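Here's the structure we're looking at; comments come further down.
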Amino acid sequence: SADIRIRARILMGGALYERGRSEPQRLAQALRVFQAVGRELESHADGKLPGKLELELVNSIYQANSLRKQAQGLDSGEKAERYRKAISLQDDVMRRAGKAGNHRLAAIAGSNLGELYLESGSYESATKFTRWALDRAVASGQFETEWRCHWYLARIADGLGRTAQAEVSLG
């Protein structure tokens, strides 16, 4: 069925993304898979595909994460463009998930936004989104996202030269 096929493709793209940590060329392959998933999801505009919104949101999160990972290895011009696209995707996911009441995906996308802004040097936005995501992660019992938010807050504090605050976040 379409939803099983789409889920399998997202899983394959996720595996390529993970391989991209040690083999950067896999990130382009992952992005192609996620773009194909996006096209297939668009072909189901009739709304009859079970879980379509969640599939769209998860696919966008993976796309943004792949773009972020690609950006880390690029020069400033291409890097900024990749970050811009990744930020736009995560922001869209956060808003759509929040509107749909999917606090789990909203918190994940919010924490990813915090990381993106941190890596692009915008500490104020990084703090804002990370704290927002942390509140949602705590409220919905998402330990991993909560942990990631504390780690991002520590990295933000460290980047601002606030070592004691970074240690508190890590604690």
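Points worth noting:
- Kyte-Doolittle at least -0.5, axis length at least 15 Å by Cα - qualifying DSSP helices, the chain: 2-19, 25-42, 52-71, 103-119, 123-139
- Too-long pairs where the Cα-Cα distance tops 24 Å, listed order kept, from 48/85; 48/99; 52/99: 48/85
- When Rg and the Kirkwood radius Rh are both evaluated on Cα atoms of region 41-116, their ratio Rg/Rh stands at 1.04.
- In the frame of its principal axes, region 109-171 has Cα extents of 31, 24, 13 Å, reported largest first.
- Cα-only Debye scattering, region 63-156: base-10 log of I(q)/I(0) at q = 0.11 Å⁻¹: -0.28
- Of all accessible heavy-atom area on region 58-128, the percent that carbon and sulfur account for (1.4 Å): 46
- What the chain shows is 53 Å² of accessible area per residue, with the surface traced by a 1.4 Å probe over protein heavy atoms.
- Normalised Debye scattering of the chain at q = 0.12 Å⁻¹ gives log10 I(q)/I(0) of -0.56, counting only Cα atoms as equal scatterers and leaving out solvent.
- Computed packing ranks the peptides 140-150, 46-56, 112-122, 79-89 as 112-122, 79-89, 140-150, 46-56, most packed first, by mean other Cβ atoms within 10 Å.
The values are calculated or read from the model by the stated rules, or taken from the named source; none is laboratory data. All figures in this text were calculated on a predicted structure; none of them were measured in a lab. Heads up, the Cβs are rebuilt from the backbone with ideal geometry, glycines too, and the neighbour counts pull from every protein chain shown. Ligands, DNA and RNA are stripped out before the accessible areas are found, and what is left, the full protein with its side chains, is counted by its heavy atoms. Shrake-Rupley method; radii C 1.70, N 1.55, O 1.52, S 1.80 Å.
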